Amino acid sequence: MPVTTQEQIQFIVADAPVGTSEDPLVRMQEDLRRAIKKPENQRHWVMALDLRKCVGCSACTIACVVENKLPPGVVYRPVLEEELGTYPNVTRRFVPRPCMQCENPPCVNVCPVNATFKRPDGIVAVNYNDCIGCRYCLTACPYSACTFDSGRFYLEGTPGTPTSLVGRPKVESYEKLAAYEYGQSWERKHDDSPVGNARKCQFCSHRLNAGMLPACATTCIGRATYFGDASDHDSLVAQLIALPNVMRLKEEIGTEPKVYYLV
Amino acid sequence: MKKREQFLWLVGIVGFIAGLYGMYDRLTTGHINVSYGSYIPWGLWIGAYIYLVGISAGAFLISALVYAFGIKKLEKIGKLALFTAVVSLGIAMLSVLIDLGRPERVWRVMDATNFGSMMGWMFWLYTTYFILLLVELWLALRADLVAWIARPGFVGSLAKFLTFGQTDVSANTLARDKKFLRVLGTVGVPLAIAFHGGVGALFGVVGARAYWNTGLTPIMFLVGALTSGGALLTFVTFVFGPNHGSREHQDTVLFLGRIALGLLLLDILLEWAEYSIGLYSAIPADVASMKLVLFGQFAWVFWGVHIGLGVVVPILLMLWKGKSAAWVAFAGLLIAITFFTVRLNIVIPGLAVPEMQGLGEAFTGPGLTFDYLPTLTEWLVQIWAVSAGLLAFLVGYRVLPIVREQSGAGAAAE
């Protein structure tokens, strides 16, 4: 029997966790404020993605690109699309894939210079000033979550605007804006880090310190991205990841991702 | 100058000049005009690196037959083998340095080594091996350097400088040299096994890539190193070995050829083990890389270049023309050159299978693809590095007593 839109909404609301009267963003914001008052090693950042709510708009991917000023070839959070079923019973599934911030991250141990490391709050970070760009971590990640910044600009090699010499490539100033990953200013120049480094999602750690949710969570139009401190029992994510319909990617390999999917 | 040597000079000079453009592009634009990126992070240069490091390890282990195990038959080519090992290690290091995102920070591997990472280990093993190689080569050359001091011009001055004042060639010091050589050669064997097995382990430990993640990987790297190194040395001995055309020279080439053939057969056995076990596995995701090698878009590289030109043709040549040094040397060259495809077929197919379905389509951009074909820049840079190595080898052959002719004034004056 076909399901009406009304019934679908009822289904989602009925299934939604406690405190649905307020926008989850407001709730998560409060959760975050509580969390950052705790010492770093007592925060346990977790992301939950409700695949039933994800509409595949990729707004999170774009918000992430904008927030972290990602150049061509670098992406922290692509949304994987999959078609399921056979006509007329077809549907599409969207799976956003940020870095899993694994409890047992395979990327950390392979780094020859300890540039990739796990922070006390569980975030797997890359020290841009130490990374030699060997890309061993890229091969070791089972989720392909590490990417390589090859130093490209979007408009490099394109014909110039009238203000520049005709035919000369023109890189616009917005492409050179600084990214603020890890709480530092990383101006984009040809030869400076993070160019030549491994880059990955770090749950927008610079935003967390400022009391802001990761860009992907803030921008999610379907309210499908949840974020917070799992060690806080009152937080929304702590309640969500205790639901029976929770799963993680490649759970069997034992990396213990901190990104959960509600299915 | 011999015709063959002249030809190699020509190849080296042309490659060096053509490759300059690639180096210029790499040094001025960085990692932009290249095909590797975020999803296939390693490409041609890493393939070349493991190939050349293998050649170095193989050539070194053959020199150890002389210095550690005292095999008389190869005595005259010990220095040639050591020199080949030095040069190929140099090109390998150059290839991997160029590949780094931030090559200027390579010293950090020494400064902040993570010994939990195979790559951290590699740095120290290579450094130790390189020093050992240089000392061993110096010891092997010393007596001849002393003899060369008498030569006029640059060669004589260089020889004098390189003796570092150690010009005593009495029976006692020569015996001491020989003893040291034996010690270094012996220490070098486990070291060479460790560092090249280590390169294999560097791939073998990556649990995310089922294709690499087998205990056989380091062993295959080692046997492959011996095969390709031995095969290349067969060719090098034929072209540069002492007393070209003599009975002894031919015997040495044929002997090396037989070693290379035996190693090639062992390598094929291991390859069979790897592929047959892999393909019988019922987990499709684990077999995807192998299927790519055997039946993918670049299957011709495996069947045509590796199996055809690198295995079948050399074996047939060695069976039918096994008494001709020239043909055996040619077979060795074929094995050595085509072995590059074996290394490429380890690196790239292991990465070319998406770890998650739909990743290649989810977000696109340069480097966010699972197709890999080296760009012109990548080829030119590699050609430049190999040509630079070839030229270094040819110059070394001219100005150092790498090869000592039995009669006449010596190699360089031929």
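The values are calculated or read from the model by the stated rules, or taken from the named source; none is laboratory data. As the structure is a prediction and not an experimental result, all values here were calculated from the model. A quick note on method: Cβ atoms are made from the backbone with ideal geometry, for glycine too, and the neighbour counts reach across all protein chains shown.
Could you say whether any residue in the stretch B:331-346 is within 11 Å of another protein chain (Cβ to nearest Cβ) and either of a type outside the set (S, T, N, Q) or touching a Ser or Thr at 6+ places or on another chain (Cβ under 9 Å) (or both)? No, because not a single residue in the stretch B:331-346 is within 11 Å of another protein chain (Cβ to nearest Cβ) and either of a type outside the set (S, T, N, Q) or touching a Ser or Thr at 6+ places or on another chain (Cβ under 9 Å) (or both).
Results for (1) at pLDDT 95 or above; (2) hydroxyl-bearing (Ser, Thr, Tyr); (3) not in a helix (DSSP H, G or I), shown as yes or no for each residue.
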position: A:TYR154; (1), (2), (3): no, yes, yes
position: A:LEU213; (1), (2), (3): yes, no, yes
position: A:ALA217; (1), (2), (3): yes, no, no
position: A:GLY222; (1), (2), (3): no, no, yes
position: A:TYR226; (1), (2), (3): yes, yes, yes
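Output the residue which, of all residues in the stretch A:131-140 that are in contact (Cβ under 8 Å) with a residue 40 or more places away in the chain and assigned to a loop (DSSP other than H, G, I, E, B), is nearest to the other protein chains (Cβ to nearest Cβ). It comes out as A:GLY133. When the residues of the stretch A:208-248 are filtered to those that are surrounded by fewer than 19 Cβ atoms within 10 Å (Cβ to Cβ) and in contact with a Pro (Cβ under 8 Å, 6 or more places away or on another chain), the one that is farthest from A:CYS102 (Cα to Cα) is A:ARG223.
The residues of the stretch A:54-100 that are under 27 Å from A:PRO244 (Cβ atoms) and touching a Leu at 6+ places or on another chain (Cβ under 8 Å), listed by number, are A:LEU80, A:VAL90, A:THR91, A:ARG92, A:ARG93, A:PHE94, A:VAL95, A:PRO96, A:ARG97, A:MET100.
Looking for something within 30 Å of B:ALA210 (Cβ to Cβ), buried (at least 16 other Cβ atoms within 10 Å of the Cβ), among the hydroxyl-bearing types (Ser, Thr, Tyr) and modelled with pLDDT of 95 or more - is there at least one such residue anywhere in the stretch B:281-292? No, the stretch B:281-292 has no match at all.
A quick yes/no check of all residues on (1) within 22 Å of B:ILE71 (Cα to Cα); (2) within 14 Å of chain A (Cβ to nearest Cβ); (3) free of Cβ contacts under 8 Å to residues at least 60 places away in the same chain; (4) within 24 Å of the chain's Cα centre (by Cα):
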| site | (1), (2), (3), (4) |
| --- | --- |
| B:PHE203 | no, yes, no, yes |
| B:GLY215 | no, no, yes, yes |
| B:ILE219 | no, no, yes, yes |
| B:LEU222 | yes, no, no, yes |
| B:LEU233 | yes, no, no, yes |
| B:GLU248 | yes, no, no, no |
| B:LEU270 | no, no, yes, yes |
| B:SER281 | no, no, yes, no |
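Every condition in (1) touching a residue at least 40 places away in the same chain (Cβ under 8 Å); (2) surrounded by 15 or more Cβ atoms within 10 Å (Cβ to Cβ) is met by B:TYR275 except one, and the failing one is (1).
Right, B:ALA225: buried (at least 17 other Cβ atoms within 10 Å of the Cβ), under 30 Å from B:ALA352 (Cα atoms) and among the small types (Gly, Ala, Ser) or not? Yes. Taking the conditions (1) facing chain B (nearest Cβ under 9 Å); (2) modelled with pLDDT of 95 or more in turn, A:PRO72 satisfies each one other than (2). Listed by position, the helices (runs of 4 or more DSSP H) inside the stretch B:89-194 whose residues that are modelled with pLDDT under 95 and surrounded by fewer than 16 Cβ atoms within 10 Å (Cβ to Cβ) number at least 3 are B:118-148, B:153-162.
This table checks each residue for (1) more than 14 Å from every other protein chain (Cβ to nearest Cβ); (2) closer than 16 Å to A:LEU51 by Cα; (3) within 17 Å of the chain's Cα centre (by Cα); (4) among the β-branched types (Val, Ile, Thr).
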| residue | (1), (2), (3), (4) |
| --- | --- |
| A:ARG188 | no, no, no, no |
| A:ASP192 | no, no, no, no |
| A:CYS201 | no, no, yes, no |
| A:PRO214 | yes, no, yes, no |
| A:VAL237 | yes, yes, yes, yes |
| A:PRO244 | yes, yes, no, no |
| A:LEU249 | no, yes, yes, no |
| A:TYR260 | yes, yes, yes, no |
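Taking every residue in the stretch A:101-130 that is more than 13 Å from chain B (Cβ to nearest Cβ) and pairing it with any residue that is assigned to a strand (DSSP E or B) and at pLDDT below 95, at least 6 positions away or on another chain, yields no pair with a Cβ-Cβ distance below 7 Å. Please work out which residue is nearest to the other protein chains (Cβ to nearest Cβ), limiting yourself to the stretch B:100-131 and to residues that are of a type in the set (Phe, Trp, Tyr) and in contact with a Ser or Thr (Cβ under 9 Å, 6 or more places away or on another chain). Looking at the filtered set, the residue picked out is B:PHE123. Annotation: B:ALA385 fulfils all but one of (1) crowded, with 22+ Cβ neighbours inside 10 Å; (2) within 14 Å of another protein chain (Cβ to nearest Cβ); the unmet one is (2).
Might you let me know whether the stretch A:146-163 holds any residue that is free of Cβ contacts under 8 Å to residues at least 12 places away in the same chain and within 11 Å of chain B (Cβ to nearest Cβ)? Scanning the stretch A:146-163, I find no residue that is free of Cβ contacts under 8 Å to residues at least 12 places away in the same chain and within 11 Å of chain B (Cβ to nearest Cβ), so the answer is no. There is no residue in the stretch B:77-84 that is touching a helix residue (DSSP H, G or I) at 6+ places or on another chain (Cβ under 9 Å), under 20 Å from A:PRO112 (Cβ atoms), more than 14 Å from chain A (Cβ to nearest Cβ) and crowded, with 24+ Cβ neighbours inside 10 Å. Here the stretch B:347-362 is the region considered, the condition is being touching a residue at least 12 places away in the same chain (Cβ under 8 Å), surrounded by fewer than 23 Cβ atoms within 10 Å (Cβ to Cβ) and within 7 Å of chain A (Cβ to nearest Cβ), and the residue that is farthest from A:PRO78 (Cα to Cα) is B:GLU355. When residues in the stretch A:23-57 are screened for being buried (at least 21 other Cβ atoms within 10 Å of the Cβ) and in a loop (DSSP other than H, G, I, E, B), 2 of them pass.
Can you spot a residue in the stretch B:296-307 that is farther than 30 Å from B:LYS160 by Cβ, at pLDDT below 95, out of contact with any Leu (no Cβ under 9 Å at 6 or more places or on another chain) and surrounded by 16 or more Cβ atoms within 10 Å (Cβ to Cβ)? Yes.
Looking across the stretch A:90-100, the residues that are under 21 Å from A:ALA198 (Cβ atoms) and either facing chain B (nearest Cβ under 9 Å) or in contact with a Ser or Thr (Cβ under 8 Å, 6 or more places away or on another chain) (or both) come down to A:PRO96, A:ARG97, A:MET100.
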